[in-house]
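**Student:** Got a structure for you, written out below as structure tokens; questions coming shortly.
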There are 2 protein chains.
Amino acid sequence: MLRLRKPYLLYLGDAQMPTDAKTACGLRDWCPADVVGEWSLPSCALSVGVPRRSPEEAAALGAGSLVIGIASVGGTLPPQWLPDLHRAIDAGLDIVSGMHTRLTSFPELVEASSARGVSLQDVRHSDRRFPAGTGRKRSGLRVATVGTDCALGKKYTALALTRELTALGAKATFRATGQTGIMIAGEGIAIDAVVADFIAGAAEVLSPANDADHWDVIEGQGALFHPAYAGVTLGLLHGSQPDAFVLCHDPSRVTIEMFPDATIPTLPDAIAQYTTAARVTNRAARCVGVSINSSSLSDDAWAAYARETAAELGVPVCDPMRGGVAPIAEALLEIGGRS
Amino acid sequence: MLRLRKPYLLYLGDAQMPTDAKTACGLRDWCPADVVGEWSLPSCALSVGVPRRSPEEAAALGAGSLVIGIASVGGTLPPQWLPDLHRAIDAGLDIVSGMHTRLTSFPELVEASSARGVSLQDVRHSDRRFPAGTGRKRSGLRVATVGTDCALGKKYTALALTRELTALGAKATFRATGQTGIMIAGEGIAIDAVVADFIAGAAEVLSPANDADHWDVIEGQGALFHPAYAGVTLGLLHGSQPDAFVLCHDPSRVTIEMFPDATIPTLPDAIAQYTTAARVTNRAARCVGVSINSSSLSDDAWAAYARETAAELGVPVCDPMRGGVAPIAEALLEIGGRS
């Protein structure tokens, strides 16, 4: 599993738009204790509201890594960022990137990091080899977030559930499968970068045997109904062997984003399909809640939608951004109590 | 897509057991016109019944590649084979291998092949990058073989269907997704070696747009119900966008091979699940037949099983080894005629 050196200095480069800084904001919100500050070029137009620190100041405060916290155009490294990355390396920081283009494809960074004894961490990629899935039951409890589409709150829901379970006194660990999640957790597996034959096996490695009353909260990827990424979704689900899953949905979407011919099924149908799929490796798997991205709904519309959907499906319906996920966490603890 | 240089000289090394030579037998049976002969060490105890030819004789007959046609212990290259491989390289042949260990991991082979201007082809691996799936409909007709488990006849069924469609005067191409299939076809994609995010995209590349009345017959992999490999199965199915699928099954199996906790669903349930999955990218997808590996049944038992199963499912039930797949090919031509 990929492991990162915390705490972090967040790098904002020359970002101009707040939407460019999604990764930095995610880290600030979900692991604030692991963030010592932010750094950027003089031309940068934004801040994520943490103290400004140079790489040397961050290193003196104990920082382990400079994390590229912004999206770059085309997923590659703008040359104007290079002096700051070299400065961070010289200060003894690892560099962490979720870009498509690997840090390790820049010989000057490889040379500098090797000379200084620090690491270049490309969290979008995976060079590790994993075993094939075994399907063998592991101790501990597991809940997976799954979705009716990509990019509608599976990571956010998993983080909110982990926080809620912990607040309720349960043992819980967020298990990251995507780049931002891995940065937040400080470890994880970019599951979509694994060789196809080993998706389920990598998911087994991600969520190893644990205490009988411990919950792994596994960040889902893609959707079973997604024309491009469903293979990742299914392999991750099988390897996770979840006792429970939470279905994430955005009611404003009718078709898969960018795939206008791919219709999103109804919630009961989606739950039935995920249940069938999950039961291949865990016959007790069941839906314990629905997590809604309700940003398209007014307060009244959301209240009515949540009430009607919960009555129809017989499980709690929550929006982690609008009231939280406590009812779903409580449903999980009931399962845990019965096990 | 990987492309191999035919015709082939089959290499049997020092094989002792006929079961070791499955790959060589598959090539002899399915592309006999592409096989110029066999070669082996003096200690080899078997022949697959084609003329014995040295690498130099094979090259003189126009051979393009020496194909390692036997399984090796541990999937690696026994040192006693090396002199023959060097001899083949010196004779101007490419070396084709389906072993786990790559030919390219042997520096002496890399050096010799590079000096002679021939290729080392590791068909189990994939270094190519593929685009993500688009889900866009392509012209031409497609049928996929899918299974209730691994290793029960998906490749064999696809090859038999391709042969039968061609015999009936239809345009048809076998599309290989596994190592032996790729050797038989001379091209294809080892789909389980593709990075997870690109399984569906690779399947789209494998089966490009074609004439409206042309059938691609796509070799399936794994099973939707397989705890380790279902992600590959689903991504391949989505990218293939099949108009029709043939379900392959071995009635002697109750659970997935090597996974005693994973129950194989009933045939109607398996067909329903594959239909739901396939309709994500092709709403017309339907089951057109069931291909049975009936080796565990007596002649009478097979006749009764085929009759009863066909009546239950409403589609032809065939065993390609026992009567052939003509009724399934005819069902495909009906679909083609309607399109």
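**Student:** Hey, can you tell me all the residues within segment A:167-222 that are more than 18 Å from the chain's Cα centre (by Cα) and either under 30 Å from B:G239 (Cβ atoms) or of a type in the set (S, T, N, Q) (or both)?
**Tutor:** Selection gives A:V195, A:A196, A:D197, A:F198, A:G201, A:N210.
Here is a yes/no grid of residues against (1) buried (at least 18 other Cβ atoms within 10 Å of the Cβ); (2) among the aromatic types (F, W, Y); (3) outside the structural domain of B:A15 (by TED's automatic domain parsing); (4) modelled with pLDDT under 95:
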{"site": "B:L61", "(1), (2), (3), (4)": "no, no, no, no"}
{"site": "B:G75", "(1), (2), (3), (4)": "no, no, no, yes"}
{"site": "B:L82", "(1), (2), (3), (4)": "no, no, no, no"}
{"site": "B:L109", "(1), (2), (3), (4)": "yes, no, no, no"}
{"site": "B:V118", "(1), (2), (3), (4)": "yes, no, no, no"}
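**Student:** Filter segment B:198-220 for residues that are under 14 Å from B:R128 (Cβ atoms) and surrounded by 22 or more Cβ atoms within 10 Å (Cβ to Cβ); which is farthest from the other protein chains (Cβ to nearest Cβ)? Break it down into steps so the answer makes sense when it comes.
**Tutor:** Going residue by residue through segment B:198-220, those that are under 14 Å from B:R128 (Cβ atoms) are B:198-199, B:201-206.
Remaining after also requiring surrounded by 22 or more Cβ atoms within 10 Å (Cβ to Cβ): B:198-199, B:201-204, B:206.
Values: B:F198: 8, B:I199: 4, B:G201: 7, B:A202: 9, B:A203: 9, B:E204: 9, B:L206: 13 Å.
Applying the filter and picking the extreme gives B:L206.
**Student:** Take the conditions out of contact with any Ser or Thr (no Cβ under 8 Å at 6 or more places or on another chain), under 26 Å from B:R128 (Cα atoms) and surrounded by fewer than 24 Cβ atoms within 10 Å (Cβ to Cβ) and apply them to B:P242. Does it pass?
**Tutor:** Numbers: out of contact with any Ser or Thr (no Cβ under 8 Å at 6 or more places or on another chain): yes; under 26 Å from B:R128 (Cα atoms): yes; surrounded by fewer than 24 Cβ atoms within 10 Å (Cβ to Cβ): no.
When the stated conditions are applied, B:P242 does not pass them.
**Student:** A:T180 passes all but one of (1) within 14 Å of chain B (Cβ to nearest Cβ); (2) under 26 Å from A:M99 (Cα atoms); (3) in contact with a Ser or Thr (Cβ under 6 Å, 6 or more places away or on another chain); (4) part of a helix (DSSP H, G or I); which number fails?
**Tutor:** In the conditions (1) within 14 Å of chain B (Cβ to nearest Cβ); (2) under 26 Å from A:M99 (Cα atoms); (3) in contact with a Ser or Thr (Cβ under 6 Å, 6 or more places away or on another chain); (4) part of a helix (DSSP H, G or I), A:T180 misses (1) alone.
**Student:** Just to be sure I understand, how many residues within segment B:96-147 are touching a helix residue (DSSP H, G or I) at 6+ places or on another chain (Cβ under 7 Å), closer than 23 Å to B:L66 by Cβ and of a type in the set (A, V, I, L, M, F, W, C)? Walk me through it before giving the result.
**Tutor:** Initially, segment B:96-147 is screened for residues touching a helix residue (DSSP H, G or I) at 6+ places or on another chain (Cβ under 7 Å), giving B:96-101, B:103-104, B:109-110, B:112-113, B:116, B:118-120, B:122-126, B:130-134, B:141-147.
Of the ones still in play, those that are also closer than 23 Å to B:L66 by Cβ are B:96-101, B:103-104, B:109-110, B:112-113, B:116, B:118-120, B:122-126.
Cutting the leftovers down to of a type in the set (A, V, I, L, M, F, W, C) gives us B:96, B:99, B:103, B:109-110, B:112, B:118, B:120, B:123.
Going through segment B:96-147 one residue at a time, the tally reaches 9.
**Student:** Would you call A:R124 charged (D, E, K, R) and in a loop (DSSP other than H, G, I, E, B)? Talk me through it step by step, then tell me what you get.
**Tutor:** On the way: charged (D, E, K, R): yes; in a loop (DSSP other than H, G, I, E, B): yes.
Spelling it out, A:R124 is indeed charged (D, E, K, R) and in a loop (DSSP other than H, G, I, E, B).
**Student:** Which of the residues spanning segment A:96-116 are free of Cβ contacts under 8 Å to residues at least 24 places away in the same chain and of a type outside the set (A, V, I, L, M, F, W, C)?
**Tutor:** Restricting attention to segment A:96-116, the residues satisfying the condition of being free of Cβ contacts under 8 Å to residues at least 24 places away in the same chain are A:102, A:104-105, A:107, A:110-111, A:114-115.
Within segment A:96-116, A:R102, A:T104, A:S105, A:P107, A:E111, A:S114 qualify.
**Student:** Here is a list: A:A262, A:A272, A:A301. Which entry is out of contact with any helix residue (DSSP H, G or I) (no Cβ under 7 Å at 6 or more places or on another chain), farther than 30 Å from B:A262 by Cβ and modelled with pLDDT of 95 or more? Step through it out loud before you land on a result.
**Tutor:** Details: A:A262 fails: farther than 30 Å from B:A262 by Cβ; A:A272 fails: farther than 30 Å from B:A262 by Cβ.
After applying the criteria, what remains is A:A301.
This table checks each residue for (1) of a type in the set (D, E, K, R); (2) buried (at least 22 other Cβ atoms within 10 Å of the Cβ); (3) in contact with a Ser or Thr (Cβ under 6 Å, 6 or more places away or on another chain).
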| position | (1), (2), (3) |
| --- | --- |
| B:P265 | no, no, no |
| B:A272 | no, no, no |
| B:R286 | yes, no, no |
| B:S294 | no, yes, no |
| B:A326 | no, no, no |
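**Student:** Could you tell me whether segment A:150-167 includes any residue that is touching a residue at least 40 places away in the same chain (Cβ under 8 Å), surrounded by fewer than 24 Cβ atoms within 10 Å (Cβ to Cβ), within 12 Å of chain B (Cβ to nearest Cβ) and not in a helix (DSSP H, G or I)?
**Tutor:** yes
**Student:** Restricting to segment A:185-197, give me the number of residues that are more than 28 Å from B:S126 (Cβ to Cβ) and crowded, with 22+ Cβ neighbours inside 10 Å. I'd like the intermediate steps shown before the answer.
**Tutor:** Step one: of segment A:185-197, the residues more than 28 Å from B:S126 (Cβ to Cβ) are A:185-186.
Narrowing further to those that are crowded, with 22+ Cβ neighbours inside 10 Å: A:185.
Matching residues across segment A:185-197 total 1.
**Student:** Shifting gears a bit: Failed condition for B:F174, given (1) modelled with pLDDT of 95 or more; (2) in the same structural domain as B:M258 (by TED's automatic domain parsing); (3) not in a strand (DSSP E or B), with all others met?
**Tutor:** Single failed check for B:F174: (3).
**Student:** Another one. Taking segment B:60-101 as the search range and keeping residues that are touching a Gly at 6+ places or on another chain (Cβ under 8 Å) and of a type in the set (S, T, Y), which one is nearest to B:S113 (Cα to Cα)?
**Tutor:** Filtering first and then ranking leaves B:T101.
**Student:** Check A:S126 against each of (1) farther than 23 Å from A:G37 by Cβ; (2) crowded, with 17+ Cβ neighbours inside 10 Å; (3) at pLDDT 95 or above and name the one condition it does not meet.
**Tutor:** Of the numbered conditions (1) farther than 23 Å from A:G37 by Cβ; (2) crowded, with 17+ Cβ neighbours inside 10 Å; (3) at pLDDT 95 or above, the odd one out for A:S126 is (3).
**Student:** Which residues, counting only those in segment A:139-149, are within 14 Å of another protein chain (Cβ to nearest Cβ) and either surrounded by fewer than 24 Cβ atoms within 10 Å (Cβ to Cβ) or closer than 27 Å to A:T101 by Cα (or both)?
**Tutor:** A:D149
The values are calculated or read from the model by the stated rules, or taken from the named source; none is laboratory data. Please read all numbers here as calculations on a predicted model, not as lab measurements. Note: ideal-geometry Cβ built from the backbone for every residue, glycine included; neighbour counts use all protein chains shown.
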